[in-house]
1. Kindly evaluate Phe84 against the criterion of being open to solvent by less than 20 Å² (accessible area, probe 1.4 Å), of a type in the set (Phe, Trp, Tyr) and either modelled with pLDDT under 70 or touching a helix residue (DSSP H, G or I) at 6+ places or on another chain (Cβ under 9 Å) (or both).
2. Using the structure shown, decide if Gly96 is farther than 30 Å from Thr30 by Cβ, without any contact (Cβ under 8 Å) to a residue 40 or more places away in the chain and open to solvent by 20 Å² or more (accessible area, probe 1.4 Å).
3. Of the conditions (1) open to solvent by less than 40 Å² (accessible area, probe 1.4 Å); (2) within 21 Å of Ser147 (Cβ to Cβ); (3) at pLDDT below 85, Tyr43 fails just one. Which one is it?
4. Which is modelled with pLDDT under 95, among the small types (Gly, Ala, Ser), surrounded by 22 or more Cβ atoms within 10 Å (Cβ to Cβ) and in contact with a His (Cβ under 9 Å, 6 or more places away or on another chain), of Ala252, Ala268?
5. (1) modelled with pLDDT of 90 or more; (2) farther than 30 Å from Pro12 by Cβ; (3) hydroxyl-bearing (Ser, Thr, Tyr): which one isn't true of Ser142, the others all being true?
6. Looking at (1) modelled with pLDDT under 80; (2) part of a helix (DSSP H, G or I), which is the only condition Asp460 fails?
7. Checking Thr474 against (1) over 19 Å from Leu334 (Cβ atoms); (2) modelled with pLDDT under 85; (3) buried (at least 17 other Cβ atoms within 10 Å of the Cβ), which test does it fail?
8. Tell me whether the range 439-448 contains one or more residues that are in a helix (DSSP H, G or I), among the hydrophobic types (A, V, I, L, M, F, W, C) and at pLDDT 75 or above.
Amino acid sequence: MANNLDAMRKIPPGIWLIRKIRGKDYSLKTHRYMVLLVTFIAYTSYHASRKPSSIVKSALDPEPNKTTNVYPWPIGNVFVKDEFSSENKGKFGYKGWEPFNGKDGTEKLGLIDVAFLACYSLGMFGAGHLGDTLDLRLFLTSGMIGSGIFVGLFGMGYFWNIHVFGFYLVMQMVAGLFQATGWPSVVAVIGNWFGKRKRGLIMGIWNAHTSVGNITGSLIAASVLEYGWGWYFIAPGTFIAIAGILVFLFLAAYPEDIGFPCPNGPAARAEAVPCDVEAQTQNEGTVEEGKSTPIRDRSGARRSVGLLEACLIPGVIPFAFCLFFSKLVAYTFLYWLPFYLSQTEIGGEYMSVKSAGNLSTLFDVGGIVGGILAGHISDKLRARAITAASFMYAAIPSMLLYRLYGNLSRTVNIVLMMIAGLFINGPYALITTAVSADLGTHSSLRGDSRALATVTAIIDGTGSIGAALGPLLTGFLSTKGWDTVFVMLMLGALIAGLLLSRQVVVEINEKTCKSMRSSSGQQSSEAPPSQPLLGDQR
């Protein structure tokens, strides 16, 4: 009876209700699709709730004397007509908002961004350990609803007429801590459900939620533009809170929580259950209500590992520092590419801020392709480090070509930009998804341990520090010329690749040994009957 009650508490309410209505459960394959969809929506909402902070800067601290296209894409005239008339400025609140519309307004907005990223990076390490200690479904739900509340409270400053800088700073800092719950949790859930055989390809496709979230956040902000800047935050905050409720109702964080064997647990090993969950889809049917398999290795029964123990897992530290430099390069393009395009003569002319914003999105398109391609190649080769390092090395000439020849014409710029995005974002996506999931289930861990969220937090938390440092350095180096910035980016890519040298050597040695064993085995099997095989010698 106690076991049944424990099972009831673990099954998400939405899945439990579906079982009651249908009288039976869905197949393992269907549950895996549901996990992909729910986690995709979850992290899309995380990124959607982060996007408004970059968009709202123009409303809080407008600079009407620069150009007629003051507000960045997509808030520009793509969505709003006659936005710069004096009537609309007063209606939409574009005259600025104290304390951000003074001489130090830009500095205060920058301080808020740094505070958010700092709390996000530091919070990631603690969030990873908590994610492995607590129930991932409840932990992720709490983080999403908490994020929604504090993102919304930032926007409520508009309606409450708050002009105290400390209020907005604290709201962003607390929101950053709650936002840190997202990435370790969703990667851990995907790692729990999907084996290594196709993990790279699946996660490469699934990782598109980052770009989808950025676009969704922009569209949500644009749709509420006429009602005041406070809605920039309230609407995305509501979106992530609703997505959090969806997670609570339908996300099964662990296969064993709904009756399927755990692919990494000791009970599964004792029963010789295949380690790869994908292999189980061939044998698992549906779980009838009241007839589900005994759940002896529940998610709550396994211990979590500490930060130090997770750092000692082979490969965690090198991949973490590789991601530091990889994210430094990727986020510099993310934050500075539109500005670079607007300041660079392309095909004999300069483009507007709006056109530069539109064009820069193609870098992300190349990144989506790169993430999928890197995942697929690493699956085929079964070599994550070789794939990631190769992409980072290839990013160096791609950035050099973009800097040297990107100004010839818009077509050349687009092609070279997408190629650069492919090689820059490919390893970034691979390391934060498939590599983190692989290391979180490393063979050096005991069968009863959980380290997926902790390892993911260590790797991505370290990478997030680089993500904050890159754009910050670019602000200083760009005053010396863009050539200096690109030298920094190419050095960053080179260091990222070199940091994986040891893992690359290990993977090459493994493949060499396997090749030698397979060739020697083939020769032995072709030996004449009169010559005994090596294994038959006495």
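The values are calculated or read from the model by the stated rules, or taken from the named source; none is laboratory data. Being a predicted model, the structure only gives us computed values, none of them experimental. In this analysis, Cβ positions are derived from the backbone assuming ideal geometry, glycine residues included, and neighbour counts consider all displayed protein chains. For the accessible areas, the whole protein counts, side chains as well, though only heavy atoms, and no ligand, DNA or RNA atoms are used. Shrake-Rupley method; radii C 1.70, N 1.55, O 1.52, S 1.80 Å.
1. Details: open to solvent by less than 20 Å² (accessible area, probe 1.4 Å): no; of a type in the set (Phe, Trp, Tyr): yes; either modelled with pLDDT under 70 or touching a helix residue (DSSP H, G or I) at 6+ places or on another chain (Cβ under 9 Å) (or both): yes.
No, not satisfied.
2. Details: farther than 30 Å from Thr30 by Cβ: yes; without any contact (Cβ under 8 Å) to a residue 40 or more places away in the chain: yes; open to solvent by 20 Å² or more (accessible area, probe 1.4 Å): no.
It is false that Gly96 is farther than 30 Å from Thr30 by Cβ, without any contact (Cβ under 8 Å) to a residue 40 or more places away in the chain and open to solvent by 20 Å² or more (accessible area, probe 1.4 Å).
3. Status for Tyr43: all satisfied but (3).
4. Numbers: Ala268 fails: in contact with a His (Cβ under 9 Å, 6 or more places away or on another chain).
The match here is Ala252.
5. Of the numbered conditions (1) modelled with pLDDT of 90 or more; (2) farther than 30 Å from Pro12 by Cβ; (3) hydroxyl-bearing (Ser, Thr, Tyr), the odd one out for Ser142 is (2).
6. Going through (1) modelled with pLDDT under 80; (2) part of a helix (DSSP H, G or I) one by one, Asp460 breaks only (1).
7. With respect to (1) over 19 Å from Leu334 (Cβ atoms); (2) modelled with pLDDT under 85; (3) buried (at least 17 other Cβ atoms within 10 Å of the Cβ), Thr474 is out only on (1).
8. From the range 439-448, those in a helix (DSSP H, G or I) are 439-440; that's our starting set.
After this cut, where a residue has to be among the hydrophobic types (A, V, I, L, M, F, W, C) as well, the list is 439.
Those left that are additionally at pLDDT 75 or above: 439.
Yes; the residues of the range 439-448 include at least one that is in a helix (DSSP H, G or I), among the hydrophobic types (A, V, I, L, M, F, W, C) and at pLDDT 75 or above.
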